[in-house]
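One structure is given here, and the rest of the page talks about it.
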Amino acid sequence: MVVEKSIRSLDGSQVALTITVDAAAIEEAYQNKMKKYQANIQLDGFRKGKAPIAVIERKYGDAIREESTFEALEENLKQVIETLDEKDRPLAYSTPVLQDEEKLVPFKKDENVTFTVHYDVYPQFKVESYKGREVKYDGAEVKESDVNEELDRIRDQNAVVRTKDGTIAMGDIVTLDYVELDENKAEKADTKREGFTFTLGTGYNYYRIDEDLVGLAKGDEKIIEKKYDDNDVTFKGASITLKVKVDEIKYREIPELSDELAQDVKDDYKTVDDLVKGTREKLEKELEESMKNDKITALLEILRDETKFEVPASMIDVELDQSWRRFVQQSGLEEEKLLQFFSMQNQSKDSILKEWRPSAEKNIRDQLILEDIKKQEDFKLDDEEFKKACDEQLASIKDESSIEYYKNMIKDDMQFAKVVPFLLENNTFVSPEKLSLKEYREKKAEKAE
């Protein structure tokens, strides 16, 4: 029986729960445990279950008392937690941690036991002034130059590769054989490569000989002598002599902007005008969605600075664990192989998660802010939409007792989906300038770095 309990707040959205369990309850647990041992234990000189309790106590009493007392404390802890306000209960993934365990033992007969556990709780805060704000963000619009650039990309994607009879120029696709030569002009067998293909101007070749091949024709051979500077990543100031032979030259024939190209791109397109219009609409739609995210990000940066609370460590740990699992899955490697690769780069799982931790905390903080706005607004749902969502998502659920739980989850998800549109509608977003789509993308890339 619990005779006293108290809660005090700690840093990091933690609490300390202190409980006192009376001696009678502890003694009862001890006696019950002793009877179970007596029924099952077999000591020398006694049949199973017939050893006197006094004998068992002399031999195992301290260990049994410790075991039964800890079990009693755990059971009373569970009961107390059930009586707490929601705000004081531990998060689902935060296990209460017993403090100063070494000071509790050995347990003594006929004495109350007072113990303290620490655990994470949901952070307590309230988001203020999330409506009627003027928020600055990087605005952009799709300009004619952006459309033309996209059309050029479409033309490039639809290029046809053809064999070239003339000499090599930048942009051509070249297939060649090469081998390094030593100081006596003898071939180094271990450097020989045949049928190597790459596009000039990309730099995607080990020796970076793009410019050295310009002007050569099919069948030509050439000795290339290259001196690399001290900052070169691969050769670091070395001199290389390379013999090359051109096997084949191809070029990419880029189609003109035509009705035929438009029809190849999409069945709905019949003319160039259709392609131009469709391309602009596609870019504008993508930009609109991206800027919605930018607006919300800009607003959240303000709210994040104004809303002070500490994110529980257990929340961040769960987020990092999920991120790691996704990372491993997307890598296509077994976790052990991935860790071996990182070890070669003097990295480890712990060092990587440490790098990820600030970003994970920021993401959780934003989610909690949006959750609080959802709670404050308590968005009303369309009855028909809610019913349809429940019918679709719960069709396979057979356990009637869990239906209400899942309905609440669906309701929560549908309400949360209303938060971002609500914030976009109830705040004013202004942009000091209208960037082109190209400038906008470049700026976002810089920020990402």
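The values are calculated or read from the model by the stated rules, or taken from the named source; none is laboratory data. Note that the structure is a prediction, hence the values are computed from the model and not measured. Note that each Cβ is placed from the backbone with ideal geometry, even for glycine, and that neighbours are counted across all protein chains shown. Note: areas computed on protein heavy atoms with side chains; ligands, DNA, RNA excluded. Shrake-Rupley method; radii C 1.70, N 1.55, O 1.52, S 1.80 Å.
Observations on the structure shown:
- Rg to Rh, two decimals, where the range 89-172 supplies the alpha carbon set and Rh follows Kirkwood: 1.54
- In the full protein context, the range 348-449 carries 69 Å² of accessible surface per residue, based on a 1.4 Å probe and ignoring ligands, DNA and RNA.
- Solvent-accessible area of LYS266 with every protein chain in place, 1.4 Å probe, in Å² to the nearest 10: 90 Å²
- Ellipticity estimate at 222 nm from DSSP helix runs (n ≥ 4, -39,500 (n - 2.57)) divided over the chain, nearest 500: -15500 deg cm²/dmol
- Here the Debye sum runs over all C-alpha atoms of the range 192-301 as equal scatterers in vacuum, and log10 of I(q)/I(0) at q = 0.14, 0.16, 0.18, 0.19 Å⁻¹ comes out as -0.79, -0.82, -0.89, -0.95.
- Rounded to the nearest 20, the size of the Cβ-charge dipole of the chain about its Cα centre is 1420 debye, with Lys and Arg at +1 and Asp and Glu at -1.
- Which of VAL121, ILE209, THR307, positive extreme of dipole for the chain (C-beta unit charges): VAL121
- Between helix 437-448 and the chain: long-axis angle, C-alpha atoms, 0 to 90°, nearest 10: 50 degrees
- Anchor LYS109: lysines whose Cα lies under 16 Å away (excluding residues fewer than 8 positions away in-chain): LYS33
- Angle between the chain longest axis and helix 144-157 axis [Cα atoms, degrees, rounded to 10]: 80 degrees
- When a 1.4 Å probe is rolled over the protein heavy atoms, the share of accessible surface on the chain that falls to carbon and sulfur comes to 45 percent.
- By the equivalent-ellipsoid construction on the alpha carbon gyration tensor, the range 10-63 comes out with semi-axes of 37, 12, 9 Å, ordered largest to smallest.
- Relative to the longest principal axis of the Cα atoms of the chain, the long axis of helix 313-331 makes an angle of roughly 40 degrees.
- Unit charges at the beta carbon, dipole of the chain: most positive-side option, ILE81, VAL318, LEU200: ILE81
- Against the rule of thumb 2.2 N^0.38 Å, how large the Cα Rg of the range 133-240 comes out: 1.60
- The chain - convex hull of alpha carbons, volume per residue in Å³: 320 Å³
- Farthest toward positive dipole pole in the chain [+1 Lys/Arg, -1 Asp/Glu at C-beta], among MET34, ALA389, LEU283: MET34
- A Förster radius of 22 Å combined with the Cβ-Cβ distance from TYR204 to ASP321 puts the calculated FRET efficiency at roughly 0.05.
- Pairs over the 22 Å Cα-Cα cut-off, from the set LYS282/LYS444; LYS295/LYS380; LYS295/LYS362; LYS5/LYS374: LYS295/LYS380; LYS5/LYS374.
- The alpha-carbon of LYS222 sits under 26 angstrom from the alpha-carbons of these lysines, leaving out residues fewer than 8 places away in its chain: LYS164, LYS185, LYS188, LYS192, LYS236, LYS243, LYS245, LYS250.
- The range 321-449: relative contact order as a whole-number percent, Cα under 8 Å and 6+ apart: 21 percent
- Relative contact order computed over the range 192-318 (Cα-Cα under 8 Å; 6+ residues apart), in percent: 12 percent
- Placing +1 on each Lys and Arg Cβ and -1 on each Asp and Glu Cβ, with no other charges, gives the range 384-427 a dipole about its Cα centre of roughly 40 debye.
- Entry note, the chain: relative contact order of 19 percent, from Cα contacts under 8 Å with a spacing of 6+ residues.
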